[in-house]
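Written out below as structure tokens is the structure these notes cover.
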Amino acid sequence: MSLPRVLTVAGSDSGGGAGVQADLKTMLALGVHGMSVITAVTAQNSLGVQGAWELPVAAVRAQYRSVVDDIGVQAVKTGMLGSAELVEAVAELISGTDVPAVVDPVGVSKHGDALLAASALDSVRTRLLPAATVATPNLDEVTQLTGVVVDSEGDLRRAAAAVLEFGPRWVLIKGGHLAGDAVDLLTDGAEEHWLRAPRHDNRHTHGTGCTLASAIASGLAKGLAVPEAVGAAKEYVTGAIAAGFPLGAGIGPVDHGWRLRG
């Protein structure tokens, strides 16, 4: 029996903490076969993003078709897409692939570096989010996309409703930037799941968003329902944050292999 297969469509992080590298490490740790479509190459380390170069749409499309048409996939996850042209091409590709899609609408890096052109926001709203089984914006991305500012846990429901207006089947609003426990809200507009975890006093959190989205996609590829996949992913990323380690002079990565060493 072959392993479930998950495809990440995202940027490369040369420092190995986020992006495609974090996605593939997560998938390996969770027992699925990870594959990749690289959308951009970044010069990136623990201090930030020093440069980013998008791949041509034709190269992204060719990578996707090469994998999907021969190997096949059980779930797709998107990350850094950069431009409106890439957003629209990837939205078209995943809309034509009959598997769950986890959309992480990456707008800025952990260090505050812009990873999505302002001109691409409308394409994310109108093309990419409607193709998502689960969208996983953090609070900054919620504000970018909807204008809703989340200052407290009580604002999460309003943020979720605003994102759902764009058409994803489910939205996971990540409340990790709020004070107190790490509280996320998963909802499809009818049912709600509040996910809580203790906040770990660890600044080495590079790659948390990529890791969470990839873990959700891995669960969906295994056949889990969305709430179960998200709950398992939350547990995995919480452990990875707790085990995050210093690397370089800035913000280190979460530890994708924490269970393997536990």
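The values are calculated or read from the model by the stated rules, or taken from the named source; none is laboratory data. This is a predicted model, so every value here is computed, not measured. Quick reminder, even Gly has a Cβ in these numbers, built from the backbone with ideal geometry, and neighbours come from all protein chains shown. What goes into the accessible areas is simple: the full protein's heavy atoms, side chains included, and nothing from ligands, DNA or RNA. Shrake-Rupley method; radii C 1.70, N 1.55, O 1.52, S 1.80 Å.
Just a few scattered comments:
- Counting only protein heavy atoms and a 1.4 Å probe, the range 5-253 has 39 square angstrom of accessible area per residue.
- DSSP H segments from the chain that extend 15 Å or more along their own axis, Cα-based, with Kyte-Doolittle mean of -0.5 or above: 19-29, 57-70, 84-95, 208-221, 226-242
- For the chain, a Gaussian network of Cα nodes joined below 10 Å ranks ALA91, ALA162, ALA221 by mean-square fluctuation, and the top entry is ALA162.
- Taking the helices alone, the chain has a mean residue ellipticity at 222 nm of -10500 deg cm²/dmol, built from -39,500 (n - 2.57) per DSSP H run of at least 4 residues and averaged over all its residues.
- Measuring between their Cα centroids, the range 222-255 and the range 128-186 lie 18 Å from each other.
- Highest mean packing comes first when the peptides 59-68, 10-19 are listed by Cβ atoms within 10 Å, giving 10-19, 59-68.
- Segment ALA190..ALA118, full-extension length gain: 22.8 nm, with 0.36 nm per residue of separation and the alpha-carbon distance subtracted.
- The range 81-193 shape via C-alpha gyration tensor axes, a/c threshold 1.5: oblate
- LEU260-ALA179 FRET efficiency (beta carbon distance; Förster radius 22 Å; 0.05 resolution): 0.10
- Of ALA213, ALA89, ALA240, the one that fluctuates the most in a GNM where the chain has Cα springs shorter than 10 Å: ALA89
- Here the range 5-253 has 54 percent of its accessible surface on carbon and sulfur atoms, given a 1.4 Å probe and all protein chains in place.
- Three-way shape label, the range 55-131, alpha-carbon gyration tensor, a/c 1.5: prolate
- Computed over the chain with a Gaussian network model linking Cα atoms closer than 10 Å, the most mobile of GLY244, GLY154, GLY31 is GLY154.
- If R0 equals 30 Å, the separation of the Cβ atoms of ASP70 and GLU165 corresponds to a calculated FRET efficiency of about 0.20.
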